[in-house]
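The values are calculated or read from the model by the stated rules, or taken from the named source; none is laboratory data. Values in this document were obtained by computation on a predicted structure and should not be read as measured data. Here Cβ is always computed from backbone atoms with ideal geometry, including for glycine, and neighbour counts include all displayed protein chains. For accessibility, only protein heavy atoms count, side chains too; no ligands or nucleic acids. Shrake-Rupley method; radii C 1.70, N 1.55, O 1.52, S 1.80 Å.
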Amino acid sequence: MIPQRWKEDIIEIGRMGRKVPQRIESYDQLDFEKGQYRLEGTLACQKSKEYVIAKMKEAGLEVRIDRVGNIFARRQGFKTSQGAVMSGSHLDSVLNGGMFDGVLGVVSALEAVRRMNDEGFENQRPIEVAAFMGEEGSAFKKALLGSLVLAGKMPDTEALAICNDENVTLAEALDKQKLRSDFSMELDDVEYFIESHVEQGPVLDKEKMPIGIVENITGLTWVNATLSGEENHAGTTPMAARRDALVAGAEIVTLTNRRANELVKSFGGSTVATVGKMVVKPGAPNIVPGTVEMGIDIRDSNPEIMQKLKAQTIASIRDLAKRHGVNSTIEVPFDHPPCPCSVEVVNAIERAAADLSIKTIRMNSGAGHDAQNIAEKVKTAMIFVPSINGISHSPMEWTKWDNIENGIKVLTQVLKNLSRDRRLY
Ligand code: HGY
Ligand code: MN
Ligand code: MN
(Lines give C-alpha, C1' and ligand atoms only; values in the text may rest on other atoms or scores of the structure.)
(Ligands and ions follow the chains in the order given, each with its own letter.)
Protein backbone atom coordinates (compact mmCIF):
# COMPACT_ATOMS: atom_id res chain seq x y z
CA MET A 1 0.00 0.00 0.00
CA ILE A 2 1.68 3.28 -1.14
CA PRO A 3 0.96 6.20 1.24
CA GLN A 4 -0.70 8.92 -0.82
CA ARG A 5 0.97 11.91 0.84
CA TRP A 6 4.37 11.96 -0.88
CA LYS A 7 2.98 10.47 -4.11
CA GLU A 8 0.53 13.37 -4.29
CA ASP A 9 3.38 15.84 -3.78
CA ILE A 10 5.35 14.41 -6.70
CA ILE A 11 2.29 14.26 -8.97
CA GLU A 12 1.24 17.82 -8.05
CA ILE A 13 4.71 19.30 -8.66
CA GLY A 14 4.83 17.39 -11.95
CA ARG A 15 1.44 18.85 -12.88
CA MET A 16 2.71 22.39 -12.25
CA GLY A 17 5.83 21.77 -14.33
CA ARG A 18 4.07 21.00 -17.61
CA LYS A 19 3.42 23.67 -20.26
CA VAL A 20 -0.22 22.64 -20.06
CA PRO A 21 -0.64 21.71 -16.36
CA GLN A 22 -1.88 18.14 -16.24
CA ARG A 23 -1.65 15.29 -13.73
CA ILE A 24 0.30 12.20 -14.78
CA GLU A 25 0.09 9.34 -12.27
CA SER A 26 1.26 6.29 -14.18
CA TYR A 27 3.92 5.22 -16.67
CA ASP A 28 1.45 4.64 -19.48
CA GLN A 29 0.29 8.28 -19.26
CA LEU A 30 3.79 9.61 -20.07
CA ASP A 31 4.00 11.68 -23.24
CA PHE A 32 7.06 13.07 -25.07
CA GLU A 33 5.26 16.40 -25.41
CA LYS A 34 4.46 16.68 -21.69
CA GLY A 35 7.83 17.20 -20.05
CA GLN A 36 8.79 19.50 -17.20
CA TYR A 37 9.67 23.18 -17.72
CA ARG A 38 10.48 24.10 -14.11
CA LEU A 39 13.54 26.13 -15.13
CA GLU A 40 14.90 28.37 -12.36
CA GLY A 41 13.13 31.73 -12.41
CA THR A 42 10.01 30.49 -14.23
CA LEU A 43 6.49 30.62 -12.80
CA ALA A 44 6.39 26.80 -12.81
CA CYS A 45 9.52 26.64 -10.66
CA GLN A 46 8.17 29.37 -8.37
CA LYS A 47 4.91 27.46 -7.89
CA SER A 48 6.72 24.23 -7.08
CA LYS A 49 8.85 26.04 -4.49
CA GLU A 50 5.79 27.72 -2.93
CA TYR A 51 4.04 24.34 -2.80
CA VAL A 52 7.00 22.69 -1.05
CA ILE A 53 7.44 25.61 1.39
CA ALA A 54 3.78 25.31 2.37
CA LYS A 55 4.23 21.56 2.99
CA MET A 56 7.39 22.23 5.03
CA LYS A 57 5.48 24.69 7.22
CA GLU A 58 2.56 22.24 7.53
CA ALA A 59 5.11 19.75 8.89
CA GLY A 60 6.09 22.27 11.56
CA LEU A 61 9.52 23.01 10.06
CA GLU A 62 11.27 26.38 10.37
CA VAL A 63 11.69 27.56 6.75
CA ARG A 64 14.53 29.89 5.71
CA ILE A 65 15.63 30.93 2.22
CA ASP A 66 19.19 32.09 1.66
CA ARG A 67 20.65 34.86 -0.49
CA VAL A 68 20.63 32.82 -3.69
CA GLY A 69 17.29 31.09 -3.18
CA ASN A 70 18.36 27.83 -1.53
CA ILE A 71 15.49 26.72 0.71
CA PHE A 72 16.09 25.11 4.13
CA ALA A 73 13.51 23.72 6.54
CA ARG A 74 14.64 22.76 10.04
CA ARG A 75 13.31 20.25 12.52
CA GLN A 76 14.98 21.43 15.71
CA GLY A 77 16.86 18.81 17.69
CA PHE A 78 17.22 18.85 21.43
CA LYS A 79 20.99 19.07 21.10
CA THR A 80 21.11 22.12 18.88
CA SER A 81 24.87 22.53 19.42
CA GLN A 82 25.50 19.39 17.38
CA GLY A 83 25.93 19.52 13.61
CA ALA A 84 22.71 19.04 11.66
CA VAL A 85 21.73 16.13 9.44
CA MET A 86 20.64 17.54 6.07
CA SER A 87 18.83 15.88 3.19
CA GLY A 88 17.37 17.27 -0.03
CA SER A 89 17.93 17.97 -3.71
CA HIS A 90 16.56 20.49 -6.27
CA LEU A 91 13.20 21.58 -7.76
CA ASP A 92 14.33 23.11 -11.03
CA SER A 93 14.33 20.94 -14.18
CA VAL A 94 15.97 20.73 -17.59
CA LEU A 95 13.97 21.69 -20.68
CA ASN A 96 11.22 19.12 -21.27
CA GLY A 97 12.58 17.15 -18.33
CA GLY A 98 11.32 14.34 -16.17
CA MET A 99 9.03 14.63 -13.13
CA PHE A 100 11.30 12.84 -10.61
CA ASP A 101 14.78 14.38 -11.19
CA GLY A 102 15.42 16.52 -8.08
CA VAL A 103 11.81 16.53 -6.88
CA LEU A 104 12.15 13.00 -5.54
CA GLY A 105 15.00 14.05 -3.22
CA VAL A 106 13.18 17.07 -1.82
CA VAL A 107 9.89 15.21 -1.31
CA SER A 108 11.66 12.14 0.17
CA ALA A 109 13.44 14.31 2.76
CA LEU A 110 10.18 16.10 3.60
CA GLU A 111 8.32 12.79 3.91
CA ALA A 112 11.05 11.36 6.16
CA VAL A 113 10.51 14.27 8.57
CA ARG A 114 6.71 13.90 8.40
CA ARG A 115 7.13 10.25 9.40
CA MET A 116 9.28 11.31 12.34
CA ASN A 117 6.45 13.67 13.32
CA ASP A 118 3.89 10.86 12.99
CA GLU A 119 5.81 8.61 15.36
CA GLY A 120 6.95 11.37 17.73
CA PHE A 121 10.62 10.67 17.06
CA GLU A 122 12.91 13.01 19.02
CA ASN A 123 16.04 13.89 17.06
CA GLN A 124 19.11 15.02 18.94
CA ARG A 125 20.87 16.59 15.96
CA PRO A 126 18.77 19.19 14.11
CA ILE A 127 17.45 17.91 10.76
CA GLU A 128 17.39 20.15 7.67
CA VAL A 129 15.34 19.54 4.52
CA ALA A 130 16.96 21.37 1.58
CA ALA A 131 15.89 22.44 -1.92
CA PHE A 132 18.87 23.88 -3.78
CA MET A 133 18.45 26.62 -6.38
CA GLY A 134 19.37 26.19 -10.05
CA GLU A 135 20.89 22.71 -10.04
CA GLU A 136 20.39 22.06 -13.75
CA GLY A 137 22.02 25.19 -15.15
CA SER A 138 19.14 25.20 -17.66
CA ALA A 139 18.31 28.87 -17.00
CA PHE A 140 21.27 30.55 -15.24
CA LYS A 141 24.00 28.73 -17.22
CA LYS A 142 26.02 27.14 -14.42
CA ALA A 143 24.95 23.72 -13.17
CA LEU A 144 24.82 23.07 -9.39
CA LEU A 145 24.73 26.86 -8.87
CA GLY A 146 22.91 27.14 -5.51
CA SER A 147 25.03 24.48 -3.82
CA LEU A 148 28.20 25.95 -5.42
CA VAL A 149 27.54 29.24 -3.58
CA LEU A 150 26.55 27.38 -0.39
CA ALA A 151 29.84 25.48 -0.46
CA GLY A 152 31.69 28.80 -0.72
CA LYS A 153 32.99 28.03 -4.21
CA MET A 154 31.38 31.09 -5.77
CA PRO A 155 30.53 34.48 -4.20
CA ASP A 156 26.76 34.99 -3.99
CA THR A 157 27.14 38.38 -5.72
CA GLU A 158 28.66 36.64 -8.78
CA ALA A 159 25.81 34.10 -8.95
CA LEU A 160 23.16 36.78 -8.47
CA ALA A 161 24.51 38.73 -11.45
CA ILE A 162 24.18 35.80 -13.91
CA CYS A 163 21.54 36.45 -16.59
CA ASN A 164 19.15 33.99 -18.20
CA ASP A 165 18.26 34.03 -21.92
CA GLU A 166 15.75 36.83 -21.28
CA ASN A 167 18.60 38.92 -19.84
CA VAL A 168 17.06 38.81 -16.35
CA THR A 169 19.59 38.43 -13.54
CA LEU A 170 19.18 35.72 -10.93
CA ALA A 171 18.73 38.45 -8.29
CA GLU A 172 15.89 40.06 -10.26
CA ALA A 173 14.19 36.71 -10.86
CA LEU A 174 14.36 35.67 -7.19
CA ASP A 175 13.33 39.11 -5.90
CA LYS A 176 10.33 39.15 -8.20
CA GLN A 177 9.30 35.75 -6.81
CA LYS A 178 10.13 36.81 -3.24
CA LEU A 179 12.26 33.67 -2.99
CA ARG A 180 15.47 34.90 -1.42
CA SER A 181 16.49 36.64 1.81
CA ASP A 182 19.59 37.55 3.83
CA PHE A 183 19.61 34.25 5.69
CA SER A 184 22.81 32.27 5.29
CA MET A 185 23.25 28.58 6.03
CA GLU A 186 26.73 27.69 7.26
CA LEU A 187 27.79 24.20 6.15
CA ASP A 188 30.12 24.15 9.17
CA ASP A 189 26.92 23.62 11.18
CA VAL A 190 26.04 20.52 9.14
CA GLU A 191 27.53 17.12 10.00
CA TYR A 192 25.89 14.84 7.42
CA PHE A 193 24.18 15.26 4.04
CA ILE A 194 22.22 12.61 2.13
CA GLU A 195 20.68 13.23 -1.29
CA SER A 196 18.06 10.80 -2.58
CA HIS A 197 17.78 10.83 -6.36
CA VAL A 198 16.56 8.76 -9.29
CA GLU A 199 19.57 6.93 -10.75
CA GLN A 200 19.06 8.42 -14.22
CA GLY A 201 20.95 5.41 -15.57
CA PRO A 202 20.17 1.73 -16.33
CA VAL A 203 22.03 -0.20 -13.59
CA LEU A 204 19.38 -0.64 -10.85
CA ASP A 205 16.56 -1.27 -13.32
CA LYS A 206 18.62 -3.89 -15.21
CA GLU A 207 19.78 -5.62 -12.00
CA LYS A 208 16.27 -5.36 -10.47
CA MET A 209 17.94 -3.78 -7.43
CA PRO A 210 15.77 -1.49 -5.26
CA ILE A 211 18.49 0.80 -3.86
CA GLY A 212 21.88 2.08 -5.03
CA ILE A 213 24.34 3.68 -2.59
CA VAL A 214 26.60 6.17 -4.37
CA GLU A 215 30.31 5.96 -3.58
CA ASN A 216 31.55 8.34 -6.29
CA ILE A 217 29.93 11.19 -8.23
CA THR A 218 31.31 11.95 -11.68
CA GLY A 219 33.18 15.11 -12.52
CA LEU A 220 31.43 17.34 -15.04
CA THR A 221 32.36 20.40 -17.02
CA TRP A 222 30.83 22.35 -19.94
CA VAL A 223 32.71 23.91 -22.87
CA ASN A 224 30.57 26.54 -24.62
CA ALA A 225 31.81 27.75 -28.00
CA THR A 226 30.56 30.41 -30.41
CA LEU A 227 31.81 29.99 -33.98
CA SER A 228 31.53 33.12 -36.14
CA GLY A 229 31.92 32.76 -39.93
CA GLU A 230 30.10 34.75 -42.60
CA GLU A 231 26.42 34.62 -43.47
CA ASN A 232 26.09 34.56 -47.22
CA HIS A 233 23.93 33.54 -50.16
CA ALA A 234 23.76 29.74 -50.51
CA GLY A 235 23.46 30.02 -54.30
CA THR A 236 25.96 32.66 -55.31
CA THR A 237 28.78 32.06 -52.83
CA PRO A 238 31.42 29.74 -54.34
CA MET A 239 32.44 26.88 -52.01
CA ALA A 240 36.02 28.17 -51.80
CA ALA A 241 34.83 31.61 -50.68
CA ARG A 242 32.71 30.39 -47.75
CA ARG A 243 33.29 30.84 -44.03
CA ASP A 244 30.70 28.30 -42.96
CA ALA A 245 30.42 28.11 -39.14
CA LEU A 246 28.34 24.92 -39.22
CA VAL A 247 30.88 22.90 -41.23
CA ALA A 248 33.44 23.69 -38.51
CA GLY A 249 30.86 22.90 -35.83
CA ALA A 250 29.94 19.57 -37.42
CA GLU A 251 33.59 18.45 -37.41
CA ILE A 252 33.84 19.41 -33.72
CA VAL A 253 30.81 17.22 -32.98
CA THR A 254 32.22 14.13 -34.67
CA LEU A 255 35.74 14.67 -33.28
CA THR A 256 34.47 15.10 -29.71
CA ASN A 257 32.36 11.95 -30.00
CA ARG A 258 35.23 9.97 -31.49
CA ARG A 259 37.68 11.10 -28.77
CA ALA A 260 35.31 10.10 -25.96
CA ASN A 261 34.85 6.64 -27.52
CA GLU A 262 38.63 6.27 -27.87
CA LEU A 263 39.11 7.17 -24.18
CA VAL A 264 36.50 4.60 -23.12
CA LYS A 265 38.23 1.99 -25.30
CA SER A 266 41.71 2.75 -23.93
CA PHE A 267 40.79 3.26 -20.25
CA GLY A 268 37.48 1.34 -20.00
CA GLY A 269 36.25 4.15 -17.79
CA SER A 270 33.23 6.39 -17.48
CA THR A 271 34.24 9.04 -20.05
CA VAL A 272 31.26 10.69 -21.74
CA ALA A 273 31.05 13.74 -23.99
CA THR A 274 27.91 15.22 -25.52
CA VAL A 275 27.32 18.16 -27.82
CA GLY A 276 23.85 18.76 -26.46
CA LYS A 277 23.36 22.27 -27.76
CA MET A 278 23.90 23.47 -31.35
CA VAL A 279 22.16 26.70 -32.37
CA VAL A 280 22.65 27.53 -36.06
CA LYS A 281 22.09 31.17 -37.12
CA PRO A 282 20.33 32.54 -39.02
CA GLY A 283 19.04 28.98 -39.67
CA ALA A 284 17.62 28.89 -43.23
CA PRO A 285 18.56 26.41 -45.99
CA ASN A 286 19.49 29.18 -48.42
CA ILE A 287 21.87 31.05 -46.10
CA VAL A 288 25.45 29.92 -45.38
CA PRO A 289 25.47 29.62 -41.54
CA GLY A 290 27.27 32.63 -40.09
CA THR A 291 27.13 31.68 -36.41
CA VAL A 292 26.95 28.47 -34.42
CA GLU A 293 26.55 28.34 -30.62
CA MET A 294 27.63 24.99 -29.16
CA GLY A 295 27.32 23.54 -25.66
CA ILE A 296 29.54 20.53 -24.87
CA ASP A 297 29.12 18.43 -21.71
CA ILE A 298 32.23 16.42 -20.67
CA ARG A 299 32.33 14.00 -17.71
CA ASP A 300 34.53 11.40 -16.09
CA SER A 301 35.02 9.97 -12.61
CA ASN A 302 38.77 10.21 -13.34
CA PRO A 303 39.82 13.89 -13.00
CA GLU A 304 42.93 13.56 -15.19
CA ILE A 305 40.99 12.07 -18.11
CA MET A 306 38.25 14.71 -17.81
CA GLN A 307 40.82 17.54 -17.87
CA LYS A 308 42.64 15.90 -20.81
CA LEU A 309 39.45 15.63 -22.88
CA LYS A 310 38.45 19.19 -21.97
CA ALA A 311 41.85 20.54 -23.08
CA GLN A 312 41.78 18.50 -26.31
CA THR A 313 38.26 19.75 -27.07
CA ILE A 314 39.22 23.40 -26.55
CA ALA A 315 42.31 22.98 -28.75
CA SER A 316 40.27 21.28 -31.51
CA ILE A 317 37.64 24.01 -31.51
CA ARG A 318 40.35 26.63 -32.06
CA ASP A 319 42.12 24.54 -34.71
CA LEU A 320 39.02 23.50 -36.70
CA ALA A 321 37.59 27.03 -36.58
CA LYS A 322 40.83 28.39 -38.00
CA ARG A 323 40.89 25.73 -40.73
CA HIS A 324 37.42 26.81 -41.82
CA GLY A 325 38.21 30.51 -41.62
CA VAL A 326 35.84 31.16 -38.73
CA ASN A 327 36.50 32.84 -35.38
CA SER A 328 35.86 31.01 -32.12
CA THR A 329 35.16 32.23 -28.61
CA ILE A 330 35.21 29.65 -25.84
CA GLU A 331 33.82 29.74 -22.30
CA VAL A 332 33.99 27.12 -19.54
CA PRO A 333 31.06 28.08 -17.25
CA PHE A 334 31.98 25.52 -14.58
CA ASP A 335 34.24 22.59 -13.85
CA HIS A 336 33.04 20.30 -11.03
CA PRO A 337 35.64 17.68 -10.04
CA PRO A 338 34.60 14.07 -9.35
CA CYS A 339 33.60 13.51 -5.75
CA PRO A 340 34.19 10.50 -3.49
CA CYS A 341 31.35 10.09 -0.96
CA SER A 342 31.81 9.65 2.80
CA VAL A 343 32.49 6.03 3.78
CA GLU A 344 30.78 6.68 7.14
CA VAL A 345 27.57 7.82 5.43
CA VAL A 346 27.70 5.05 2.79
CA ASN A 347 27.99 2.52 5.64
CA ALA A 348 25.16 4.21 7.54
CA ILE A 349 22.83 3.95 4.52
CA GLU A 350 23.86 0.32 3.98
CA ARG A 351 23.13 -0.52 7.64
CA ALA A 352 19.76 1.26 7.59
CA ALA A 353 18.70 -0.65 4.46
CA ALA A 354 19.89 -3.95 5.95
CA ASP A 355 17.84 -3.21 9.12
CA LEU A 356 14.83 -2.90 6.79
CA SER A 357 15.85 -6.00 4.76
CA ILE A 358 16.03 -3.87 1.61
CA LYS A 359 18.79 -4.95 -0.81
CA THR A 360 21.40 -2.42 -1.95
CA ILE A 361 24.42 -2.19 -4.23
CA ARG A 362 27.22 0.34 -4.15
CA MET A 363 27.70 2.30 -7.37
CA ASN A 364 28.94 5.46 -9.07
CA SER A 365 26.86 8.35 -10.33
CA GLY A 366 27.19 9.38 -13.99
CA ALA A 367 24.99 12.38 -13.24
CA GLY A 368 26.21 15.45 -11.41
CA HIS A 369 24.47 16.41 -8.17
CA ASP A 370 24.39 19.12 -5.52
CA ALA A 371 25.84 16.47 -3.22
CA GLN A 372 29.24 16.91 -4.87
CA ASN A 373 29.38 20.52 -3.76
CA ILE A 374 28.08 19.83 -0.27
CA ALA A 375 30.65 17.02 0.05
CA GLU A 376 33.40 19.62 0.00
CA LYS A 377 32.51 20.45 3.61
CA VAL A 378 30.07 17.82 4.87
CA LYS A 379 30.14 14.02 5.17
CA THR A 380 27.94 13.15 2.19
CA ALA A 381 26.49 10.21 0.25
CA MET A 382 23.51 9.50 -2.00
CA ILE A 383 20.63 7.05 -2.24
CA PHE A 384 19.54 6.04 -5.74
CA VAL A 385 16.24 4.47 -6.76
CA PRO A 386 15.77 2.79 -10.17
CA SER A 387 14.95 4.71 -13.37
CA ILE A 388 12.83 2.64 -15.77
CA ASN A 389 15.09 1.82 -18.78
CA GLY A 390 17.63 4.25 -17.29
CA ILE A 391 15.88 7.19 -18.97
CA SER A 392 16.16 10.73 -17.56
CA HIS A 393 16.28 14.35 -18.71
CA SER A 394 13.28 13.27 -20.75
CA PRO A 395 9.46 13.28 -20.28
CA MET A 396 9.73 9.46 -20.32
CA GLU A 397 11.60 9.45 -16.97
CA TRP A 398 9.79 7.15 -14.52
CA THR A 399 10.38 5.39 -11.21
CA LYS A 400 7.89 2.91 -9.76
CA TRP A 401 6.00 4.17 -6.70
CA ASP A 402 7.02 1.17 -4.58
CA ASN A 403 10.68 1.83 -5.38
CA ILE A 404 10.26 5.40 -4.16
CA GLU A 405 8.63 4.07 -0.97
CA ASN A 406 11.69 1.83 -0.45
CA GLY A 407 13.96 4.85 -0.85
CA ILE A 408 11.90 6.89 1.62
CA LYS A 409 11.96 4.05 4.16
CA VAL A 410 15.76 3.80 3.96
CA LEU A 411 16.23 7.58 4.04
CA THR A 412 13.96 7.95 7.07
CA GLN A 413 15.83 5.23 8.93
CA VAL A 414 19.31 6.58 8.19
CA LEU A 415 18.31 10.17 9.04
CA LYS A 416 16.92 8.95 12.37
CA ASN A 417 20.09 6.96 13.05
CA LEU A 418 22.41 9.84 12.19
CA SER A 419 20.34 12.45 14.02
CA ARG A 420 20.68 10.57 17.30
CA ASP A 421 23.71 11.31 19.46
CA ARG A 422 26.92 9.98 17.79
CA ARG A 423 27.49 7.67 20.79
CA LEU A 424 24.32 5.78 19.86
CA TYR A 425 25.42 5.31 16.35
O1 HGY B 1 23.42 17.04 -15.62
C2 HGY B 1 23.35 16.36 -14.60
O3 HGY B 1 24.05 15.38 -14.46
C4 HGY B 1 22.38 16.72 -13.51
O5 HGY B 1 21.15 16.14 -13.81
N6 HGY B 1 22.26 18.13 -13.35
MN1 MN C 1 19.11 16.62 -13.89
MN1 MN D 1 19.07 16.10 -10.48
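Binning at 5 Å from 0, report for the range 273-358 what percent of all alpha-carbon pair distances ends up in each bin.
Over the range 273-358, the share of Cα pairs per 5 Å bin runs 3, 10, 14, 16, 12, 9, 8, 7, 6, 4, 4, 3, 1, 0 percent.
In the range 313-355, which GluC sites (Glu not before Pro) are in a loop and have at most 12 other Cβ atoms within 10 Å, using DSSP for the loop call?
none
Residue 47 accessible area, nearest 10 Å², 1.4 Å probe?
Taking all protein chains as shown, residue 47 has close to 100 Å².
Top mean-square fluctuation among 169, 254, 42, Gaussian network model of the chain, C-alpha springs under 10 Å?
Looking only at 169, 254, 42, the biggest GNM fluctuation is shown by 254.
Give me the dipole magnitude in Debye, nearest 20, for the range 219-336 about the Cα centre, with unit charges on the beta carbon: positive for Lys and Arg, negative for Asp and Glu.
Computed charge dipole of the range 219-336: roughly 200 debye.
Mind ordering 94-103, 394-403 by average Cβ neighbours within 10 Å, highest first? Don't jump to the answer; show the numbers that get you there.
Numbers: 94-103: 23.9, 394-403: 19.4.
Output ranking for 94-103, 394-403: 94-103, 394-403.
Report, in degrees rounded to the nearest 10, the 0 to 90 angle that the Cα long axis of helix 4-17 makes with the longest principal axis of the chain.
Helix 4-17 sits at roughly 20 degrees to that axis.
Is the shape of the range 219-336 rounded, prolate or oblate, going by the alpha carbon gyration tensor and its root eigenvalues a ≥ b ≥ c, with a/c under 1.5 for rounded and a/b larger than b/c for prolate?
Judged from the Cα gyration tensor, the range 219-336 comes out prolate (a/c at least 1.5, a/b above b/c).
Could you calculate the FRET efficiency of residue 312 with residue 277 from 1/(1 + (r/R0)^6), where r is the beta carbon distance between them and R0 is 25 Å, rounded to 0.05?
Working: r = 19 Å, r/R0 = 0.78.
About 0.80, to the nearest 0.05.
Compute the acute angle (0 to 90°) between the alpha-carbon long axis of helix 103-119 and the principal axis of greatest extent of the alpha-carbon atoms of the chain; round to the nearest 10°.
0
Counting pairs of alpha carbon atoms under 8 Å apart in space and at least six apart in sequence, what relative contact order in percent does the chain give?
22
Lys and Arg at +1, Asp and Glu at -1: add these up for the other residues within a Cβ distance under 13 Å of residue 168 and post the number.
Net charge in that neighbourhood comes out at -3.
So if I place +1 on the C-beta of Lys and Arg and -1 on the C-beta of Asp and Glu, and nothing else carries charge, what would the dipole magnitude of the range 1-95 be about its Cα centre? I want it in debye, nearest 20.
On the way: 17 positive and 13 negative charges, 72 e Å.
Around 340 debye, computed over the range 1-95.
Kindly identify the range 344-409 as rounded, prolate or oblate by the Cα gyration tensor criterion: order the square roots of the eigenvalues as a ≥ b ≥ c, call it rounded if a/c is under 1.5, otherwise compare a/b with b/c, prolate if a/b is larger, else oblate.
Taking the square roots of the gyration eigenvalues as a ≥ b ≥ c, the range 344-409 is oblate.
Report the local net charge at residue 200: Lys and Arg +1, Asp and Glu -1, summed over other residues whose C-beta lies under 10 Å from its C-beta. The partial results should precede the final answer.
On the way: positive: none; negative: 101, 199, 397.
For residues surrounding residue 200, the net value is -3.
Along each of the three principal axes of the Cα atoms of the chain, give the extent in whole Å, ordering the values from largest to smallest.
So the extents along the principal axes, rounded to whole Å, are 78, 48, 44.
Give, in nm to one decimal, the length gained when the segment between residue 284 and residue 167 is fully stretched (0.36 nm per residue of separation minus the Cα-Cα distance).
39.6 nm
What is the percent carbon and sulfur in the accessible area of the chain, measuring with a 1.4 Å probe over the protein chains and ignoring ligands?
Roughly 51 percent of what the probe reaches on the chain is carbon or sulfur.
Between residue 29 and residue 8, what is the label-point separation in nm under the 7 Å Cα-to-beta-carbon projection?
The two pseudo-label positions are separated by 1.5 nm.
With axes computed from alpha carbons, what is the tilt in degrees of helix 303-323 against the longest principal axis of the chain, rounded to the nearest 10 within 0 to 90?
20
Could you pull the accessible area for residue 339 with a 1.4 Å probe, rounded to 10 Å²?
10
Using a 1.4 angstrom probe, figure out how much accessible area the range 219-336 has per residue, in square angstrom, rounded to the nearest whole.
Accessible area per residue: 50 Å².
Can you give the helix-only mean residue ellipticity at 222 nm for the chain, where every DSSP H stretch with n ≥ 4 adds -39500 (n - 2.57) and the sum goes over all residues, rounded to the nearest 500 deg cm²/dmol?
The helix-only estimate for the chain comes to -11000 deg cm²/dmol at 222 nm.
Relative to the present Cα-Cα distance, how much length would full extension add between residue 355 and residue 335 at 0.36 nm per residue of separation?
3.4 nm
Just to confirm a number: summing +1 for Lys and Arg and -1 for Asp and Glu over residues other than residue 188 whose beta-carbon lies under 12 angstrom from that of residue 188, what do you get?
That sum, taken over residues with Cβ under 12 Å, equals -3.
Please list, in order, the residues from the range 67-85 whose amide nitrogen is less than 19 Å from a point placed 7 Å along the Cα→Cβ vector of residue 178.
Hits in the range 67-85 for residue 178 at 19 Å: 67-73.
On full extension of the chain, what length is gained from residue 157 through residue 236, given 0.36 nm per residue of separation minus the C-alpha to C-alpha distance?
Values: separation 79, 0.36 × 79 = 28.44 nm, distance 4.99 nm.
So the extension gain works out to 23.4 nm.
What residue among 195, 166, 158 shows peak mean-square fluctuation when the chain is described by a Gaussian network model with Cα springs under 10 Å?
166
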